[in-house]
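Novice: Quick one: the structure is below, and I'll ask about it shortly.
The values are calculated or read from the model by the stated rules, or taken from the named source; none is laboratory data. Quantities reported herein were computed from a predicted structural model and do not represent experimental measurements. Cβ placement follows ideal geometry from the backbone for every residue including glycine, while neighbour counts extend to all protein chains displayed.
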Amino acid sequence: MKCWDYPVKDNTVKLAIVWFSLSFGYYGLSVWFPDVIKHLQADEYASRVKIHNNERIEDFTFNFTLENQIHKNGVFINDS
């Protein structure tokens, strides 16, 4: 209880205010940053999506990944 006596009361109050504001600020940033990074990654992924409709692919060898590609109503004949 001596920290609430006159000579150190002002410093105790100031340090408590700084301590609480920093701790809640760091908590807020620790919650906010991962969410922002997740949204940025989702936006980047969505910007690279290619949609292919009604394509017919014959005798083709895929030597690349089909990541970020959406094929709708397509026909794949003799592909590997």
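Novice: Among the polar types (S, T, N, Q) and modelled with pLDDT of 85 or more: does that describe Thr65?
Specialist: no
Novice: Out of the residues in the stretch 1-50 that are within 30 Å of Ile77 (Cα to Cα) and not β-branched (Val, Ile, Thr), state the one that is surrounded by the most Cβ atoms within 10 Å (Cβ to Cβ).
Specialist: Out of the qualifying residues, it is Tyr45.
Novice: While we're looking at this one, here's another question. Within the stretch 51-76, work out how many residues are loosely packed, with under 10 Cβ neighbours inside 10 Å, outside any loop (DSSP other than H, G, I, E, B) and not polar (S, T, N, Q).
Specialist: Qualifying residue count for the region: 4.
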